[in-house]
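What follows is a set of notes on a single structure, which appears directly below.
The values are calculated or read from the model by the stated rules, or taken from the named source; none is laboratory data. Nothing here was measured: the structure is a model prediction, and the numbers come from that model. Using ideal geometry, Cβ is built from the backbone for each residue, glycine included, and neighbour counts are taken over all protein chains shown. Areas reflect the complete protein model, heavy atoms only, side chains present, ligands, DNA and RNA absent. Shrake-Rupley method; radii C 1.70, N 1.55, O 1.52, S 1.80 Å.
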Amino acid sequence: MKSIRLSESVKAFLATYKLFEEDEIQQVQLQHRLDLVKAFGINEGMSIIEIGCGQGDTTVALADAVGKDGKVIGIDIASRNYGSPLTLGQATDLIKKSALGERITFHFEMDFDRFDSNEVFDIAVLSHSSWYFKRPDDLLRYFEKLRRIAKRICFAEWDLDFTRITQRSHFCAVSILALYSNFVNNNGNIQNLFHKIQIQELLEEADFHIEKQYTVNAMYLQDAKWEKSYANSIREEFVNAPPMIQSMVNSYYELMNTSTDNESLNSFVICARSEE
């Protein structure tokens, strides 16, 4: 992992909340999540609902931004026992014990389709969670429901429009993993790859009005290395995939493994408001 110089915002977070003090990997991830939340334009006192909160990586940055008078509700369909090296339960229990804990409520094994709330939230957040959705219609259905319970939506995901050749390996790795989920084993984390134009179109179809779009630097993150390593570990399993898929995947593998300098894709951010 390349060492990066932590920003003053990360240093202040670590000093204030005593989270991730001994976890260098998590500190690097925190750097990016704070950058995303800054792009979202979160203000103190806001109420946030986060869809696909996972282990709380973005949740803690949101809770920091809303301050003591704000609140964050995190929802994830996975169980508390899911995840590695820490499960969702272990990771979020540590967060709940911190000074941020009172601002956050986690709901696991919660399908958003079944989530019932009479509250209208200031902002709904989906941060690096859309590739878990199998079909575009599923994501559209979530957007349509969020349109009814949130004034704005802030969306972040990996940007498939890579700008440096050193990001190509990450692009190939996630493409391989999406094909793996669809043609070999459906339990993969990456079920679908959504391009930012497709997300914009789905938001507009759900009657959201696009306010702003950003690109947030994520090249320094560890994710490219992790995704590439996992993709290589499952290569032999594609023997049971259709021949055309095997041919396509082999091409991705050759491109992915050409470079040893692997930088992560950047993140794109789209912020939109509910139509009046």
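Identify all residues within region 259-276 that are modelled with pLDDT of 95 or more and open to solvent by 30 Å² or more (accessible area, probe 1.4 Å); write none if there are none. Of everything in region 259-276, just one residue is modelled with pLDDT of 95 or more and open to solvent by 30 Å² or more (accessible area, probe 1.4 Å), namely R273. For region 157-169, the set of residues classified as assigned to a strand (DSSP E or B) and out of contact with any Lys or Arg (no Cβ under 9 Å at 6 or more places or on another chain) consists of W158 only.
For region 14-30, a residue qualifies if it is touching a helix residue (DSSP H, G or I) at 6+ places or on another chain (Cβ under 6 Å) and either under 14 Å from L62 (Cβ atoms) or touching a residue at least 40 places away in the same chain (Cβ under 8 Å) (or both), and the qualifying residues are Q29, L30. A91 falls short on exactly one of the conditions (1) within 26 Å of S264 (Cα to Cα); (2) open to solvent by 30 Å² or more (accessible area, probe 1.4 Å), and that condition is (2). When I176, I190 are checked against the criterion of being part of a loop (DSSP other than H, G, I, E, B) and surrounded by 18 or more Cβ atoms within 10 Å (Cβ to Cβ), I190 stands alone in meeting it.
Of all the residues in region 231-252, those that are free of Cβ contacts under 8 Å to residues at least 60 places away in the same chain, open to solvent by 30 Å² or more (accessible area, probe 1.4 Å) and in a helix (DSSP H, G or I) number 13.
Quick check on this structure: which one of S130, S181 is crowded, with 18+ Cβ neighbours inside 10 Å and closer than 23 Å to D57 by Cα? So that I can check it myself, show each step before the final result.
On the way: S181 fails: closer than 23 Å to D57 by Cα.
Result: S130 is the single residue among S130, S181 that is crowded, with 18+ Cβ neighbours inside 10 Å and closer than 23 Å to D57 by Cα.
The C-beta contact set for region 140-153 (first residue touching a residue at least 40 places away in the same chain (Cβ under 8 Å) and closer than 12 Å to I49 by Cα, second residue open to solvent by 30 Å² or more (accessible area, probe 1.4 Å) and part of a helix (DSSP H, G or I), distance under 9 angstrom, 6+ apart or interchain) comprises I153/R147. Residue-level check: of (1) without any contact (Cβ under 8 Å) to a residue 40 or more places away in the chain; (2) assigned to a strand (DSSP E or B), E50 misses just (1). Residue count for region 193-208 under the criterion of being in a loop (DSSP other than H, G, I, E, B) and open to solvent by less than 20 Å² (accessible area, probe 1.4 Å): the result is 2. Across region 158-173, the qualifying residues are those that are under 28 Å from L62 (Cβ atoms) and open to solvent by 60 Å² or more (accessible area, probe 1.4 Å), and the one among them that is modelled with the lowest pLDDT is T163.
Would you confirm whether any residue within region 150-157 is within 30 Å of L179 (Cβ to Cβ), buried (at least 21 other Cβ atoms within 10 Å of the Cβ), modelled with pLDDT of 95 or more and of a type in the set (D, E, K, R)? Walk me through it before giving the result.
Initially, region 150-157 is screened for residues within 30 Å of L179 (Cβ to Cβ), giving 153-157.
Subset that is buried (at least 21 other Cβ atoms within 10 Å of the Cβ): 153-157.
Applying the additional criterion that residues be modelled with pLDDT of 95 or more yields 153-157.
Restricting the remaining residues to those that are of a type in the set (D, E, K, R) gives 157.
Yes; the residues of region 150-157 include at least one that is within 30 Å of L179 (Cβ to Cβ), buried (at least 21 other Cβ atoms within 10 Å of the Cβ), modelled with pLDDT of 95 or more and of a type in the set (D, E, K, R).
If only residues of region 114-135 that are outside any loop (DSSP other than H, G, I, E, B) and of a type in the set (V, I, T) are counted, the one that is nearest to R273 (Cα to Cα) is I123. Here Q246, Q200 are screened, and the one residue that is touching a strand residue (DSSP E or B) at 6+ places or on another chain (Cβ under 8 Å) and not basic (K, R) is Q200.
Taking (1) assigned to a helix (DSSP H, G or I); (2) of a type outside the set (F, W, Y); (3) out of contact with any Cys (no Cβ under 7 Å at 6 or more places or on another chain) in turn, L255 satisfies each apart from (3).
List the pairs whose first member sits in region 209-230 and is surrounded by 15 or more Cβ atoms within 10 Å (Cβ to Cβ) and of a type in the set (K, R), whose second member is assigned to a loop (DSSP other than H, G, I, E, B) and modelled with pLDDT of 95 or more, and whose Cβ atoms are under 9 Å apart, counting only residues at least 6 apart or on separate chains? These pairs meet every condition: K225/S264; K228/N257.
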